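Heads up: the structure comes next, in C-alpha cells.
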Amino acid sequence: MFDEKKGAKQMNATHLKPLLGLKARKINRTASPGMKSSFLAMFLALALHPATIVSADEPNSLERVPDQLLYQPTAVPDRIVLCWSADPAITQAVNWRTDSSVISSVGQVARAGEGPGFVDHVQTIAATTTPLETDLGLAHYHAVEFEGLLPETKYAYRVGDGTNWTEWAHFQTASTDAKPFTFIYLGDAQNNIKSLWSRVVREAYRDASRAAFILHAGDLVDGANRDGQWGEWFYASGFIHRSTACVATPGNHEYGNGALSRHWRPTFSFPLNGPEGLKETVYYFDYQGTRIISLNSSEKREAQTTWLKQVLSENRQPWVIVTLHHPIYSAAKERDNLELRNLWQPVFDYFGVDLVLQGHDHAYARSSLMTHTNVADGLTKRNASGTVYVVSVSGPKMYEAKKQTIMRKTGQHLQLYQIITIDGNDLRYEARTATGKRHDAFILRKQPGQSNQLIELLP
Ligand SMILES: [Fe+2]
Ligand SMILES: [Fe+2]
C-alpha cells in the first residue's frame, strides 16, 4: 500500500534531491566568489522586477527532454481540433494527427445520449489523410467532415483508425436563427506557449466554457514550421478544442521563408470560400446572425479587397466581425500600418463592419468608433457609423503601448483574453487579464436606422 508521507519522502530521496543536488553541485563547482555575488544580484533583480523573468526564449537545461521525444506522433490520434469548413448549423469538421503507420482513418458521430447507449447509433465517415514532413519527421494529418447534422443539437464524436480511438467528445451545432452566443477572442500566443500561454487559454475557458468558438488573431506560434511549438499549442489548449471550435487567422509568424506554415492547412479545416491561393487563410462563415470574416494581412492584400467587398455586399447577417493579424490602428510604439489602413478601412466603413479583432502588437488597445476620416492622414469621406478596433495579446511577449487619444483603453505588460457575447442588438465585450480581472468592457448597441452606439462600462 502506498504511504503518502513515506511516498513523499521517497520522492524526495529518489527524484528531487538528486536533481536539485546535481544542479547545486554544478553551480558550486564552477561558481567563483564574484560569480556568486552576480547570482545574488540577479536573484534580487528578478525578485524586485518579476516582469523581467519573461523572456521569449527560455534557456534549455541539460535535462530538458527534446521535442523529438516530446511531440512525436503515435498511432493514437492527437492534436484534435474542431473547425468549420461549412455551415456551423449543419456541419462539423474535425482534424487530428497520427504517425505515418495510420493510412486510413474515420470519424464516428451520433446524437449525444444521456447514457452510453448512443454508441449503438453512430455514423462512420471516412477521413482524408495528408502526409506532412516536419522538422520532427513524418506525420499523417487526418480530417473528417460530419454533414447533414441537425441545428442546435448536441453530438458525440470520436476519431481513429478502428483500433486506436480518441475518447468520445461533444460538440453543439449552431442555430439557424440569430440567437445569442458567446465566443472567446485571443491575441498572439506565440512564445513560451506551454509555460505561459496555457494559463490564459484555460482561464478563458473556465470563464466561458460554453463559448461557441475561440478566435485566434494570428501568431499562434513563433516559428511557423517548428513542430514542437505546434505541439506546445495543442498541449496548452488540450481538450478545449476537442469540444470548442477553433477559428484562426494567420499572423506573420505563421509564415516562414515567405510561405504559409506547412502545418496550417493540414492542422485545420477552415472554409474554402476565399480567393484562389489564399483559401483557409481568407474565409468567412455565418454564426447565429453574425458574419465572421478572416483576412490574411501577411500576403496578397490587394487581391483580397475585391473578395471582401463581394462578401460584405452579399451579407444579410445583422453583425459583422472581421479578424486580421496586423492592426489597422497599431497599439505599440513605433509601429503603424498605414498602407493596410488605407486599403481596408474605407471598405469596413462603407459596409458598416462592427468590430475588428487583431493581434501582432503584443499590447492592448481598443478604439472608439472609428472611420477613415478619424485619422490625421484620412483622405476619404465616409458616411459609416464607425468600427471598434481591438488589438490584444494572450502570450507573454510584451511590447510597450503607445499613448493615443483615439483609444478608449490601452494596456501593456498584460496577458489578456476577451469574452464577447452577441445578443440581439447588443454586443457585450469584456477583456480580462490572465488572472480574470476586468481590464476593459463596453456594449456596442445597434440602433435600427441609426449609427451604432458605443456604451463604455468602465471609467
Ligand atoms: Fe505578428
Ligand atoms: Fe506576434
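Quick notes
- Meets criteria (in contact (Cβ under 8 Å) with a residue 12 or more places away in the chain, assigned to a loop (DSSP other than H, G, I, E, B), more than 15 Å from residue 157 (Cβ to Cβ) and touching a Pro at 6+ places or on another chain (Cβ under 6 Å)) for residue 89: yes
- With respect to the conditions (1) within 16 Å of ligand 1 (Cβ to nearest atom); (2) out of contact with any helix residue (DSSP H, G or I) (no Cβ under 7 Å at 6 or more places or on another chain); (3) more than 28 Å from residue 180 (Cβ to Cβ), residue 234 falls short on a single one, namely (1).
- The residue that is farthest from ligand 1 (Cβ to nearest atom), counting only those in segment 216-227 that are outside any helix (DSSP H, G or I) and acidic (Asp, Glu), is 222.
- Residue tally, condition surrounded by 15 or more Cβ atoms within 10 Å (Cβ to Cβ), more than 24 Å from residue 249 (Cα to Cα) and hydrophobic (A, V, I, L, M, F, W, C), over segment 84-126: 8
- Scan of segment 243-260 for residues that are touching an Asp or Glu at 6+ places or on another chain (Cβ under 8 Å) and not in a loop (DSSP other than H, G, I, E, B), ordered by number: 252, 253, 254, 255, 260
Rundown of residues vs (1) β-branched (Val, Ile, Thr); (2) within 16 Å of ligand 1 (Cβ to nearest atom); (3) crowded, with 21+ Cβ neighbours inside 10 Å, yes/no style:
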{"residue": "229", "(1), (2), (3)": "no, yes, yes"}
{"residue": "238", "(1), (2), (3)": "no, no, no"}
{"residue": "241", "(1), (2), (3)": "no, no, yes"}
{"residue": "255", "(1), (2), (3)": "no, yes, no"}
{"residue": "264", "(1), (2), (3)": "no, yes, no"}
{"residue": "272", "(1), (2), (3)": "no, no, no"}
{"residue": "291", "(1), (2), (3)": "no, no, yes"}
{"residue": "304", "(1), (2), (3)": "no, no, yes"}
{"residue": "307", "(1), (2), (3)": "no, no, no"}
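- The requirement of being free of Cβ contacts under 8 Å to residues at least 40 places away in the same chain and part of a helix (DSSP H, G or I) is fulfilled nowhere in segment 274-287; no residue meets it.
- Taking each residue of segment 400-412 that is farther than 11 Å from residue 361 by Cβ and looking for partners that are modelled with pLDDT of 85 or more and surrounded by fewer than 18 Cβ atoms within 10 Å (Cβ to Cβ) with beta-carbon atoms closer than 6 Å, six or more apart or interchain, yields 408/368.
- When segment 177-199 is filtered for residues that are small (Gly, Ala, Ser), in a loop (DSSP other than H, G, I, E, B) and surrounded by fewer than 19 Cβ atoms within 10 Å (Cβ to Cβ), only 178 remains.
- Subset of segment 331-369 that is within 15 Å of residue 387 (Cα to Cα) and among the hydroxyl-bearing types (Ser, Thr, Tyr) - its residue that is surrounded by the most Cβ atoms within 10 Å (Cβ to Cβ): 367
The values are calculated or read from the model by the stated rules, or taken from the named source; none is laboratory data. A quick note: this is a predicted structure, and the numbers were derived from the prediction, not measured. As a convention, Cβ positions derive from the backbone with ideal geometry for all residues, glycine included, and neighbour counts pool all protein chains shown.
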